[in-house]
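The values are calculated or read from the model by the stated rules, or taken from the named source; none is laboratory data. Computed from a prediction, not measured in an experiment: that's the story for all the values here. Every residue, glycine as well, gets a Cβ built from its backbone with ideal geometry; the counts of neighbours run over all protein chains shown.
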Amino acid sequence: MQGLGELEALVMDVVWNTSAAVRVRDVIDHLEDGREPAYTTIQTVLDNLHRKGWVHRQRNGRAYWYEATRSREEAASDALRILLESTGDPTSVLLHFARGASDDESKVLTRGLKERKR
């Protein structure tokens with residue numbers, strides 16, 4: 001999956017924060033950055049997100065309804081995986097990250113590793 005541009009990320013925030021499928025108008029109404037983009041701009045962004053695999057769409061009458069193909073957490077996890085693999089030495093990066101983790105972050109990491117072993 002390809003990364004996201006600034007407006008694509010804002011649109012995905014709306015899609016992820018909405019419990020049901022959204023239409024272009026829903027996205028425009030829920031943008032939180034004060035922008036009021038043109039309908040066709042958001043329509044193009046959603047079409048691009050569909051093409052990139054970030055959302056799937058279902059036609060209902062004259063409008064498409066859009067839903068995320070995966071959760072925000074899954075998308076972030078995939079992005080971290082790609083970043084790690086691009087470093088050439090993911091082990092060193094993980095160890096460096098773990099050493100710099102706060103106590104709370106360390107607890108979360110430990111819990112996650114224990115759950116993974118089950």
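Okay, here's what the table says:
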read-out: Single condition V24 does not satisfy, out of (1) closer than 18 Å to A79 by Cβ; (2) touching a Leu at 6+ places or on another chain (Cβ under 7 Å); value: (1)
read-out: Residue identified as within 19 Å of N17 (Cα to Cα) and of a type outside the set (A, V, I, L, M, F, W, C) among R72, R99; value: R72
read-out: Residues of segment 61-89 classified as β-branched (V, I, T) and either assigned to a helix (DSSP H, G or I) or in contact with a strand residue (DSSP E or B) (Cβ under 8 Å, 6 or more places away or on another chain) (or both), total; value: 2
read-out: Test result for L95, in contact with an Asp or Glu (Cβ under 9 Å, 6 or more places away or on another chain) and in a helix (DSSP H, G or I); value: no
read-out: Long-range neighbours under 8 Å by Cβ, at least six apart or interchain, first residue closer than 15 Å to L84 by Cβ within segment 98-112, second at pLDDT below 90 and of a type in the set (V, I, T); value: none
read-out: Residue satisfying condition, being basic (K, R), more than 25 Å from G112 (Cβ to Cβ) and assigned to a loop (DSSP other than H, G, I, E, B), within set R51, R35; value: R35
read-out: Residue that is modelled with the lowest pLDDT, among those in segment 21-46 that are within 16 Å of the chain's Cα centre (by Cα) and surrounded by fewer than 18 Cβ atoms within 10 Å (Cβ to Cβ); value: L31
read-out: Restricting segment 47-57 to residues that are touching a residue at least 24 places away in the same chain (Cβ under 8 Å) and more than 17 Å from T18 (Cβ to Cβ), the residue that is surrounded by the most Cβ atoms within 10 Å (Cβ to Cβ); value: N48
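Results for (1) closer than 29 Å to E6 by Cα; (2) surrounded by 10 or more Cβ atoms within 10 Å (Cβ to Cβ); (3) touching a Leu at 6+ places or on another chain (Cβ under 9 Å); (4) at pLDDT 95 or above, shown as yes or no for each residue.
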{"position": "R59", "(1), (2), (3), (4)": "yes, no, no, yes"}
{"position": "W65", "(1), (2), (3), (4)": "yes, yes, no, yes"}
{"position": "S77", "(1), (2), (3), (4)": "yes, yes, no, no"}
{"position": "I82", "(1), (2), (3), (4)": "yes, yes, no, no"}
{"position": "P90", "(1), (2), (3), (4)": "yes, yes, yes, no"}
{"position": "L95", "(1), (2), (3), (4)": "no, yes, no, no"}
{"position": "D103", "(1), (2), (3), (4)": "no, no, no, no"}
{"position": "E115", "(1), (2), (3), (4)": "no, no, no, no"}
